[in-house]
Amino acid sequence: MSTRRAPLILVSNRGPVGFTRGDDGELGRTRGGGGLVTALLGLVEHTPALWVSAASTDADIEVAEEAGGGRFPLPGLGNDTQGRFVVIDPDVYHAYYNVIANPMLWFIQHYLWDLSNAPDIRREELDAWEHGYVVANQAFADAVVAELDDDPDRVVMLHDYHLYTAPEAIRAAHPDAFLHHFVHIPWSQPDYWRILPPHIREGILRGLLANDIVAFHTRSYARNFMLCCEELLDLRVDYDRRLVRWEGRDVWVRSYPISVNAPMFETLAKSPEVAEEEGAILRRRRQHLVVRVDRTDLSKNTLRGFKAYDVFLDRHPEFHEDITFFALLQPTRQDVDEYVEYLDKIRDVVSHINTKHGTTDWMPISLRIESNIHRAVAAYKHYDVLIVNPIFDGMNLIAKEAPLVNERDGVMILSENAGAHEELGSFAITINPFDVDAQAEALHQALLMPADERAFRLQEIKRIVRENDVGKWLDAQQEDIARKRTADRRRRRRAEA
């Protein structure tokens, strides 16, 4: 077991690496998926870090046991990166992840519950909170505390909605630890948090307030969090200075809009694998190409996007046979009934539109249910219109990735409820995600937009994405961490004098 201590501790449910045991008995590694892991890999490229995450496979557990429950090296991953797995009982993990985190918190934070019908807070949910979510968070906290016992001066950066109560447990063991928590999904307004019983919602807020900095993608989500502190905990909040006073500490509430690694993504767009997929797209395309790339998550609002296209085709038959809507949708959470039903509805509405409007020579929608990054990037390069219409989204990196590599002066239709709208909304066509009629009109507007305006809008989006890349996102957080630590040390010295 390695005994080196990295100055930064990252904590997330999903880690940068997963292990597998092959048929030959050899231990193999796969890189963790998801946008969070991809973003944080940019950080560990520059900063030695210990990454604490949940063990998710039998091979992960073997690695954890071989390391004595402690650190293990991750050669070839970043700058001197190490790993540490948290081994959680399967029943505890199920309650923590599949009952509370997904769907309960995810649905609350994306405003997805149909409140006249769901959710029902029953004994199952109450037990899942107490014996699942809280227990799993304590396990993460114990791993972090063990590391801080060796060196309490290290910075701890926790990530996302899986770990809301862990900071309070860490703070109890290490009162002077520096804790930073980034929430990567929307933060809903106070009334929506009242779905949860008081002891649960207050436990979440107390957990987050144990941090020194609580961070979000947008100013509006940060403000919603402060509103919750004011209305649900009756705390005094300084909206101008963006801080909450809690248990003798100033908790900073900040927003840092995440972005993409622009050079890396532009290099990917020039790869042979993408070029091969481009050929297939270009051979099939008509005069106009509409594109959407998403997970089949309820928050992505895929159905209304297709319904708007149906309305557009009804109103503008002159575009028939000259336009194709290419949709590349990655299945997600197919172990959750609502998501299985949603994917079935997507297939049904696409079939209806293709039957209603299609001909023997033309299919209005080309639907692919798959995960294929090279095909997605090829579509990004050649869209005339990109549809990004989530109900709510923490950021939505497709709104940044796709315009960055687009070569046709493509126009983006962007939901006002996407986190990316704060940065990019001025150069997109803004839509209300529930207004199908407005989305149909936005599609028509995009297709008829003058060439010079199309070019201007796209170039401005490219400029913003390149200037505010993932490196700037990481640097801004590290700068605030340094400022906050300095301010806290000065305050402690004054108190001791």
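Listing for the model above:
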read-out	value
Looking only at the stretch 251-261, and only at residues there that are assigned to a strand (DSSP E or B) and of a type in the set (A, V, I, L, M), the one that is farthest from Arg171 (Cα to Cα)	Val253
The listed residue being outside any helix (DSSP H, G or I), touching a strand residue (DSSP E or B) at 6+ places or on another chain (Cβ under 9 Å) and modelled with pLDDT of 95 or more, out of Ile391, Ile346	Ile391
Pair list, Cβ < 7 Å and 6+ apart or interchain, from the stretch 481-497 residues that are under 14 Å from Phe178 (Cα atoms) to residues that are modelled with pLDDT of 90 or more and among the β-branched types (Val, Ile, Thr)	Ile481/Val155; Ile481/Ile213; Lys484/Ile213
Tally, over the stretch 227-249, of residues that are touching a residue at least 12 places away in the same chain (Cβ under 8 Å), over 20 Å from Tyr192 (Cβ atoms) and surrounded by 15 or more Cβ atoms within 10 Å (Cβ to Cβ)	3
Enumeration of residues in the stretch 476-497 that are of a type in the set (Val, Ile, Thr) and loosely packed, with under 14 Cβ neighbours inside 10 Å	Thr486
Helices (runs of 4 or more DSSP H) contained in the stretch 400-497 and holding at least 1 residues at pLDDT below 95, of a type in the set (A, V, I, L, M, F, W, C) and not assigned by TED's automatic domain parsing to the domain that holds Leu268	470-496
Pairs with Cβ under 6 Å, 6+ apart, first in the stretch 409-422 and more than 18 Å from Tyr111 (Cα to Cα), second of a type in the set (Lys, Arg)	Asp409/Arg454; Val411/Arg454
Filter result for Trp129 (surrounded by 19 or more Cβ atoms within 10 Å (Cβ to Cβ), aromatic (Phe, Trp, Tyr) and part of a loop (DSSP other than H, G, I, E, B))	no
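Table: residues versus (1) modelled with pLDDT of 95 or more; (2) surrounded by fewer than 18 Cβ atoms within 10 Å (Cβ to Cβ).
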residue: Pro7; (1), (2): no, yes
residue: Val11; (1), (2): yes, no
residue: Pro16; (1), (2): no, no
residue: Gly25; (1), (2): no, yes
residue: Arg29; (1), (2): no, yes
residue: Ala64; (1), (2): yes, no
residue: Phe85; (1), (2): yes, no
residue: His94; (1), (2): yes, yes
residue: Tyr97; (1), (2): yes, no
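The values are calculated or read from the model by the stated rules, or taken from the named source; none is laboratory data. None of these values were measured; they are calculated from a predicted model. As a convention, Cβ positions derive from the backbone with ideal geometry for all residues, glycine included, and neighbour counts pool all protein chains shown.
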